[in-house]
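This report concerns only the one structure given below.
The values are calculated or read from the model by the stated rules, or taken from the named source; none is laboratory data. Being a predicted model, the structure only gives us computed values, none of them experimental. Cβ atoms come from the backbone with ideal geometry, glycine included; neighbour counts cover every protein chain shown.
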């Protein structure tokens, strides 16, 4: 590879990474945490325990819907999985539906607990908040969020490609990490995090783009279809709604229907049930397969006759394009992954998050030593250094604040779920201001320490103030909630370790190789004022 | 089976690491002979392949390939950290950045 | 980086600014045209053709961006990207 080519990619890599670095950090961090979306939701709703028997819940859901909406146009039941608990029922009444609007939950939405009874749990988004944040962002129309994220993802893709091209010693430096050498160490760390998990980073970025590809590059679709609507009609076939006859007929037993579906799929699991014209002679039960059953994200559906329970039809993804795309979405979302594999995804995601963070810090470390007057850095340096603190240290603190809000906000607060989200972003706002007004070193230490303390305090709070502390959840074998508490402890410890490292860190003492031309020891004296300023 | 896959991964990367001049020098005090280098590389490649086979055995084909790639990251990371922070007779390395 | 003689081709801010514009805007346009062409000539059902061409479009876009910054000059980058876009656009129109 020619020197010029490699060199040309170096600058491209730096700028494509820097300009969107803080948003990428948000995307990577929230995306990684989203691999535990269902577990976090379970943790956020301590009122609901783990589901032991799906049949119990399904029967309970049907009983509830029969009671409250016997003459509805359609029912929908979202069934629990190995990781999520309880069922969510909604229905569409006859006539004009009462629309909830986005992020206003459906007013017919009811939670059925593991015992089959209607459950009341605190209003919370749970893990879904982090999940949606990483591609929809927040406080803006969803489509804007997706455009921003897509833009950043494309920059990320370019950063990956240019990064690999520009990394001269990608094999020679594979196992190299030299701590305690200032800028050299940051570069080593950034390289290690990037190269060792390179397959993941490339996969997650590309598949992320593919997941929303029709928004970002609609031209492949518009080339062949008169409109996007025509394309969706072919790719997501909708069956015509069934006309109710008005004659009542008892509905087939849902337990038997679920068993049938299990058999047709050869041991698959139902994730979603839609019932059209329940209780009518002409009714239909459509059972959709659980996303975690397969790598490929797609629609595996079986349609049953609602009255007799006989299988009417069955669909599965057929076309190579749908399977390819579904496979890529499946890889990105990781819903197929069993526990150990899920941990590997999560750790790789954290490596990606740290890769972005070390890249941002490296930009500062590299330029700090070239500052003519470290007490008065130029605007770009000052801005990047402060934003780094507010983003890298501030965002985890804000996310922890969300979890605290989940615990502390009164259960009957109106719009409680919204307020949990506001708590996160209000905290983030405070950390951003803090990052700009405090001396930089203090700001890092204060924000990181706060995060460490708050993270470790959460499981302690659970132990002291709820009946779902670690001893209880471990004894009950509740892996989701116990695992979350333990992970919070581990993350808190990690942040504490980072605080210690920052406290011992002396920026500017970059032990570079002595220049070939003998220089006076004067540079050492000049460094002292820089150190003094930073250690304020 | 998955644990075996992880261990094979670790061993494979350790061998590949040793096969590199600079790391062999650090760990053994001298550069490897040409013969040793190729033996280490051969063993490393074999171990990583075996790791893939056991991962597929334990997880199935698709999950196995995906899981193996994840274990590659983990194995390489452990070797890197072990190499960097290995206990030496010299005074302990300060946790400096 | 900028200002170093001989290595790197970013002689001045204008060169960089041009390349950025060519990469982001021209690159997207050329990608769009190539995607349309590919969607129309891909030997499969129109659903699969649309899907596969779109899936591959991001790799193409990334490649065009990398090329734009590696090209000997901003002018050359602009000409190449424009040529690709026009040729693909023409092809897509003909293949309709």
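Report, ordered by the first and then the second residue, all pairs with beta carbons closer than 6 Å, sequence separation of six or more or different chains, a first member in segment A:433-450 that is farther than 13 Å from residue A:383 by Cα, and a second member that is not in a helix (DSSP H, G or I).
These pairs meet every condition: A:439/A:536.
Only one of B:30, B:41, B:37, B:22 is farther than 20 Å from residue A:345 by Cα and touching a residue at least 24 places away in the same chain (Cβ under 8 Å). Can you tell me which? Steps first, answer last, please.
On the way: B:30 fails: touching a residue at least 24 places away in the same chain (Cβ under 8 Å); B:37 fails: touching a residue at least 24 places away in the same chain (Cβ under 8 Å); B:22 fails: touching a residue at least 24 places away in the same chain (Cβ under 8 Å).
One residue alone meets the criteria, B:41.
Test each condition in (1) part of a helix (DSSP H, G or I); (2) closer than 18 Å to residue A:24 by Cα for residue A:138 and report the one that comes out false.
The one condition residue A:138 does not meet is (1).
Can you report the number of residues in segment A:255-278 which are surrounded by fewer than 21 Cβ atoms within 10 Å (Cβ to Cβ) and in a loop (DSSP other than H, G, I, E, B)?
The qualifying residues number 5.
If residue B:38 satisfies every condition in (1) away from chain A (no Cβ under 13 Å); (2) in contact with a helix residue (DSSP H, G or I) (Cβ under 9 Å, 6 or more places away or on another chain) but one, which is the exception?
Every listed condition holds for residue B:38 apart from (2).
Restricting segment B:60-70 to residues that are farther than 11 Å from residue A:199 by Cβ and at the interface with another protein chain (Cβ under 7 Å from one of its Cβ atoms), which is surrounded by the fewest Cβ atoms within 10 Å (Cβ to Cβ)? If you could, list the steps in order and put the result at the bottom.
Let us first name the residues in segment B:60-70 that are farther than 11 Å from residue A:199 by Cβ, namely B:60-64, B:67.
With at the interface with another protein chain (Cβ under 7 Å from one of its Cβ atoms) added as a condition, the list becomes B:62-63, B:67.
Values: B:62: 16, B:63: 18, B:67: 25.
Going through the qualifying residues, I end up with B:62.
Just to confirm my filter: which helices (runs of 4 or more DSSP H) fall fully inside segment A:313-397 and include at least 1 residues that are under 30 Å from residue A:502 (Cα atoms), modelled with pLDDT of 95 or more and more than 14 Å from chain C (Cβ to nearest Cβ)? If you could, list the steps in order and put the result at the bottom.
On the way: elements: A:320-333, A:339-368, A:379-388.
Passing ranges, in order: A:339-368, A:379-388.
Being loosely packed, with under 15 Cβ neighbours inside 10 Å and under 25 Å from residue A:194 (Cβ atoms) narrows it down to one of B:30, B:41, B:22, B:57, so name that one.
On the way: B:30 fails: under 25 Å from residue A:194 (Cβ atoms); B:41 fails: loosely packed, with under 15 Cβ neighbours inside 10 Å; B:57 fails: under 25 Å from residue A:194 (Cβ atoms).
Only one candidate qualifies: B:22.
Please determine, by comparing only the residues of segment C:39-66 that are more than 8 Å from every other protein chain (Cβ to nearest Cβ) and over 8 Å from the mean Cα position of the chain (by Cα), which one is surrounded by the fewest Cβ atoms within 10 Å (Cβ to Cβ).
Ranking the qualifying residues of segment C:39-66, first place goes to C:43.
Looking for whichever is in contact (Cβ under 8 Å) with a residue 24 or more places away in the chain and part of a helix (DSSP H, G or I) here; the options are A:49, A:17. Which one fits? Step through it out loud before you land on a result.
Numbers: A:49 fails: part of a helix (DSSP H, G or I).
Criteria check complete, one pass: A:17.
Restricting to segment A:459-481, count the residues that are in a loop (DSSP other than H, G, I, E, B) and surrounded by 18 or more Cβ atoms within 10 Å (Cβ to Cβ).
Of the residues in segment A:459-481, the ones in a loop (DSSP other than H, G, I, E, B) are A:466-469, A:476-478.
Now restrict to residues that are surrounded by 18 or more Cβ atoms within 10 Å (Cβ to Cβ): A:468-469, A:478.
Number satisfying all stated conditions: 3.
Please work out if residue A:62 is under 23 Å from the mean Cα position of the chain (by Cα) and either without any contact (Cβ under 8 Å) to a residue 12 or more places away in the chain or crowded, with 19+ Cβ neighbours inside 10 Å (or both). Let's see the steps before the verdict.
Working: under 23 Å from the mean Cα position of the chain (by Cα): no; either without any contact (Cβ under 8 Å) to a residue 12 or more places away in the chain or crowded, with 19+ Cβ neighbours inside 10 Å (or both): yes.
No.
Rundown of residues vs (1) farther than 22 Å from residue A:365 by Cβ; (2) at pLDDT below 95; (3) in a helix (DSSP H, G or I), yes/no style:
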residue	(1), (2), (3)
A:432	no, no, yes
A:457	yes, no, yes
A:483	yes, no, yes
A:486	yes, no, yes
A:514	no, yes, no
A:532	no, yes, yes
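Being over 27 Å from residue A:214 (Cα atoms) and more than 17 Å from the chain's Cα centre (by Cα) narrows it down to one residue among A:380, A:421; which is it?
Details: A:421 fails: more than 17 Å from the chain's Cα centre (by Cα).
Only one candidate passes the filter, namely A:380.
Do you know which residues across segment A:170-226 are within 10 Å of chain B (Cβ to nearest Cβ), assigned to a loop (DSSP other than H, G, I, E, B) and within 20 Å of residue A:13 (Cα to Cα)?
Passing the criteria: A:171, A:173, A:174, A:197.
Suppose we filter segment A:470-482 for residues that are touching a residue at least 12 places away in the same chain (Cβ under 8 Å) and touching a helix residue (DSSP H, G or I) at 6+ places or on another chain (Cβ under 6 Å); how many remain?
Residues meeting the conditions: 5.
Take the conditions within 11 Å of another protein chain (Cβ to nearest Cβ) and closer than 30 Å to residue A:257 by Cβ and apply them to residue A:306. Does it pass? So that I can check it myself, show each step before the final result.
Numbers: within 11 Å of another protein chain (Cβ to nearest Cβ): no; closer than 30 Å to residue A:257 by Cβ: yes.
No.
Could you please find all residues in segment A:220-238 being in contact (Cβ under 8 Å) with a residue 40 or more places away in the chain and exposed (fewer than 13 other Cβ atoms within 10 Å of the Cβ)? Can you show your working first?
Our first condition is that a residue be in contact (Cβ under 8 Å) with a residue 40 or more places away in the chain; within segment A:220-238, this holds for A:235-237.
Once the filter is applied, which keeps residues that are in contact (Cβ under 8 Å) with a residue 40 or more places away in the chain and exposed (fewer than 13 other Cβ atoms within 10 Å of the Cβ), segment A:220-238 yields A:236, A:237.
Yes or no: segment A:150-158 includes at least one residue that is closer than 30 Å to residue B:21 by Cβ, buried (at least 16 other Cβ atoms within 10 Å of the Cβ) and within 11 Å of another protein chain (Cβ to nearest Cβ). Before you say what the answer is, go through the steps one by one.
Let us first name the residues in segment A:150-158 that are closer than 30 Å to residue B:21 by Cβ, namely none.
Checked against the condition, which is being closer than 30 Å to residue B:21 by Cβ, buried (at least 16 other Cβ atoms within 10 Å of the Cβ) and within 11 Å of another protein chain (Cβ to nearest Cβ), segment A:150-158 yields no hits at all.
Kindly indicate whether residue C:30 is under 10 Å from the mean Cα position of the chain (by Cα), more than 9 Å from chain A (Cβ to nearest Cβ) and either in a loop (DSSP other than H, G, I, E, B) or crowded, with 19+ Cβ neighbours inside 10 Å (or both). Show your work before the answer.
Values: under 10 Å from the mean Cα position of the chain (by Cα): yes; more than 9 Å from chain A (Cβ to nearest Cβ): yes; either in a loop (DSSP other than H, G, I, E, B) or crowded, with 19+ Cβ neighbours inside 10 Å (or both): yes.
So residue C:30 passes the test.
Kindly indicate whether residue A:84 is crowded, with 22+ Cβ neighbours inside 10 Å and in contact with a strand residue (DSSP E or B) (Cβ under 7 Å, 6 or more places away or on another chain). Quick ask: steps written out before the conclusion?
Values: crowded, with 22+ Cβ neighbours inside 10 Å: yes; in contact with a strand residue (DSSP E or B) (Cβ under 7 Å, 6 or more places away or on another chain): no.
For residue A:84, the condition - crowded, with 22+ Cβ neighbours inside 10 Å and in contact with a strand residue (DSSP E or B) (Cβ under 7 Å, 6 or more places away or on another chain) - is not met.
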